[in-house]
Amino acid sequence: MLQYLFHILVFALAVLLTARIVPGIKVRSFGSAIVFAIVLGLLDTLLYGILVAISFPLVFLSLGLFLLVINGFLWWLADKLVSGVKIEGFGWTILAAAVTTLLNWLFLWVIR
């Protein structure tokens, strides 16, 4: 449980940093980033596997690049559910998902 909480905090930090890097994303506060991380984690747990299974031919044909679109869709959905995070367009959503994934990976790699 403590490890899960730690991952949420690291992801929230990555979301805040992404908001500074990507011009199309706005995060009101660290609390909003934490709520966004929790909602995105729940959506990821509930929907990611189903969406990958449904779109497997596209994922296969694109050599996995369609996974960015799936992540972007989950980000868009979380954006609609959390009022403290605003993303201006789907292109920014995909870019924000990619940048946050890289930052989250980098933070966890450095910490370990």
Listed peptides 36-42, 85-91 by packing density, highest first (mean Cβ within 10 Å): 36-42, 85-91
Helix 2-21 vs. the chain, principal-axis angle (Cα, 0 to 90°, nearest 10): 90
Protein accessible area in the chain, 1.4 Å probe - carbon and sulfur %: 76
Degrees between helix 66-81 axis and first principal axis of the chain (Cα, 0 to 90, nearest 10): 50
Label zone at V110 (point 7 Å along Cα-to-Cβ), backbone N below 18 Å, the stretch 7-25: 7-22
Computed over the chain, the ratio Rg/Rh where both radii use C-alpha atoms and Rh is Kirkwood: 0.96
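The values are calculated or read from the model by the stated rules, or taken from the named source; none is laboratory data. These numbers come from a predicted model, not from an experiment. All Cβ positions, even for glycine, are placed from backbone atoms using ideal geometry, and neighbour counts span all protein chains on display. Just the protein is used for accessible areas: all its heavy atoms, side chains included, with ligands, DNA and RNA removed. Shrake-Rupley method; radii C 1.70, N 1.55, O 1.52, S 1.80 Å.
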